[in-house]
1. Just the residues that are of a type in the set (A, V, I, L, M) and on the phi < 0 side of the Ramachandran plot, please, taken from region 27-41.
2. For VAL34, state whether it is among the β-branched types (Val, Ile, Thr), open to solvent by less than 60 Å² (accessible area, probe 1.4 Å) and more than 20 Å from PRO140 (Cα to Cα).
3. Answer yes or no as to whether VAL21 is more than 18 Å from GLY116 (Cβ to Cβ) and free of Cβ contacts under 8 Å to residues at least 12 places away in the same chain.
4. Restricting attention to strands (runs of 3 or more DSSP E) lying wholly within region 55-141, give those where 2 or more residues are charged (D, E, K, R) and open to solvent by 40 Å² or more (accessible area, probe 1.4 Å).
5. Which count do you get for residues in region 3-18 that are open to solvent by less than 80 Å² (accessible area, probe 1.4 Å) and free of Cβ contacts under 8 Å to residues at least 40 places away in the same chain?
6. From the residues in region 1-26 that are of a type in the set (D, E, K, R) and in a strand (DSSP E or B), which one is farthest from LEU49 (Cα to Cα)?
Amino acid sequence: MKVHAPPAIAIAALDHVVLRVADLERATAFYRDVLLCPVEKWQPELGLLQLRAGSALIDLVTLDGKLGREGGAGPGATGRNMDHFCLRLESFDEAALRAHLEAHGVAIGETGERYGATGTGRSLYIKDPDGNTVELKAPPAS
């Protein structure tokens, strides 16, 4: 009987979505007051406000903050609005994950410890075929 290794990627949930916003107060009011997402964390050094959306987060990034400046022009016809989205994985076997991605010709960014909806955990960035950035995140560190 042949034993199969667990899959390198088993997605558990969407962890967070990051939106670049022209007016942080206006965007915060919409997500907080209209969609009832409470503010969870403000990271001024990044220009990043995180709001709780059920088990996930919606991150708002100011255009003039560290992260927002990396996206070029503001949201509109000539600028992208989404920085990246994050998929939380069931497990994070980095060697197996990297081997799987490399086997599919996917360039892999730097691995690091990052904060997300379930806490701090290891993650890495990749790009989809259209250039959208996808973060693959481990379960939170225990």
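The values are calculated or read from the model by the stated rules, or taken from the named source; none is laboratory data. Computed from a predicted model, the values in this text were never measured in an experiment. In this analysis, Cβ positions are derived from the backbone assuming ideal geometry, glycine residues included, and neighbour counts consider all displayed protein chains. Protein only, heavy atoms only, side chains kept; ligands, DNA and RNA dropped before computing areas. Shrake-Rupley method; radii C 1.70, N 1.55, O 1.52, S 1.80 Å.
1. Initial filter on region 27-41 (of a type in the set (A, V, I, L, M)): 27, 29, 34-36, 39.
ALA27, ALA29, VAL34, LEU35, VAL39 - these are the residues of region 27-41 that are of a type in the set (A, V, I, L, M) and on the phi < 0 side of the Ramachandran plot.
2. Details: among the β-branched types (Val, Ile, Thr): yes; open to solvent by less than 60 Å² (accessible area, probe 1.4 Å): no; more than 20 Å from PRO140 (Cα to Cα): yes.
Criteria not met by VAL34.
3. Values: more than 18 Å from GLY116 (Cβ to Cβ): yes; free of Cβ contacts under 8 Å to residues at least 12 places away in the same chain: no.
No, not satisfied.
4. Numbers: elements: 56-62, 82-89, 112-116, 119-127, 133-137.
Hits in region 55-141: 112-116, 119-127.
5. Here the count works out to 0.
6. Within region 1-26, the subset of a type in the set (D, E, K, R) is 2, 15, 20, 23, 25-26.
If we keep only those that are in a strand (DSSP E or B) as well, we get 15, 20.
Values: ASP15: 15, ARG20: 11 Å.
For region 1-26, the residue satisfying everything is ASP15.
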